[in-house]
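For reference, the structure discussed in these notes is given below.
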Amino acid sequence: MGAEAQPILQLQGCTVRFGGLTALSALDLAVAPGELVGLIGPNGAGKSTTFNAITGVYPLSEGLVRFEGRPINGTPPHRVARLGIARTFQTVRLFGNLSVLDNVKCGAHMHAGYGWLQAIVLGHARMVGERRLTLQAREVLALVGLSDWAQAKASSLPYGGERLVEIARALAGEPKLLLLDEPAAGMNPQETDTLLGFIRRIREAFGLTIVLIEHDMRLVMNVCERICVLDHGERIAEGAPHEIRADPRVIGAYLGEPEADA
């Protein structure tokens, strides 16, 4: 990845206001293809607002979002997903009564090649398409280590497993950019260690660019190559993990006082 590589994602002066409240203020951020970038900050810093602005959930009050060089401001979320941007959420959002396999298939359906009308009229095309989607979903489940759970109800999985299903569903949409919103939330240390290795593995297997929101600093510092820190909607620091760990502004706003032997 050369120095002249065009960013796959670029935020330029992105501002989001809700009435008199500025949730995000003139944020600039560029993410190169293949990067794994962390987005951290205290609660209310504007992290999830950033994801919502990228994916079209929140309109920008000012600024520009580019994906692969193309402005995507005002693009509806379902079209943003078709462009190659997938995301997860702070709270797990699965179809609990559906099987794990069917949950993952939901992520792949935008590439089915037919709509609801064609599915009714063209029965054979739908049958062929469903077989292809099932095969694709099973391949993703195998990669994330959930093949044995394919027919289980999603609600029957342990919490860490539910998180993996949500990520698998996002991967089934064949994204180029994956936005992970607090994937380790609610996980115990063992599950977090598993997740750390999993994020590294899917990045390599899918050739993904990943932006990660997370409060677990051990995970962030061990998996991210670059970290952007927000506070009250503004970027206060950006750099490599060791730079962020030692930045006085970050320590004061978020990380707390450094340990004596740090």
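The values are calculated or read from the model by the stated rules, or taken from the named source; none is laboratory data. Quick caveat, the model's predicted, so the values are computed rather than measured. Cβ placement follows ideal geometry from the backbone for every residue including glycine, while neighbour counts extend to all protein chains displayed.
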Original post:
Can you name the number of the only condition in (1) more than 17 Å from Arg87 (Cα to Cα); (2) buried (at least 23 other Cβ atoms within 10 Å of the Cβ) that Val223 fails?
Top reply: (2)
Original post:
When you scan segment 12-63, how many residues do you find that are aromatic (Phe, Trp, Tyr) and touching a residue at least 40 places away in the same chain (Cβ under 8 Å)?
Top reply: 2
**OP:** Considering every residue within segment 155-168, establish whether at least one is buried (at least 20 other Cβ atoms within 10 Å of the Cβ), modelled with pLDDT of 90 or more, closer than 25 Å to Gly44 by Cβ and of a type outside the set (Val, Ile, Thr).
**Re:** yes
**OP:** Restricting attention to helices (runs of 4 or more DSSP H) lying wholly within segment 58-138, give those where 3 or more residues are modelled with pLDDT under 95 and surrounded by fewer than 16 Cβ atoms within 10 Å (Cβ to Cβ).
**Re:** 77-83, 116-121
**OP:** Output the number of residues of segment 2-34 satisfying the condition of being part of a loop (DSSP other than H, G, I, E, B) and of a type in the set (Asp, Glu).
**Re:** 1
Subject >> Qualifying residue in segment 169-176 (condition: surrounded by 17 or more Cβ atoms within 10 Å (Cβ to Cβ) and in contact with a Phe, Trp or Tyr (Cβ under 7 Å, 6 or more places away or on another chain)) >> reply: yes
Original post:
Does segment 35-43 contain at least one residue that is part of a loop (DSSP other than H, G, I, E, B) and modelled with pLDDT of 95 or more?
Top reply: yes
**OP:** Determine whether Leu230 is touching a Phe, Trp or Tyr at 6+ places or on another chain (Cβ under 6 Å) and aliphatic (A, V, I, L, M).
**Re:** no
**OP:** Give the number of residues within segment 12-29 that are surrounded by 15 or more Cβ atoms within 10 Å (Cβ to Cβ) and of a type outside the set (Lys, Arg).
**Re:** 11
Original post:
Is there a residue being over 15 Å from the mean Cα position of the chain (by Cα), polar (S, T, N, Q) and under 25 Å from Leu133 (Cα atoms) anywhere in segment 154-166?
Top reply: yes
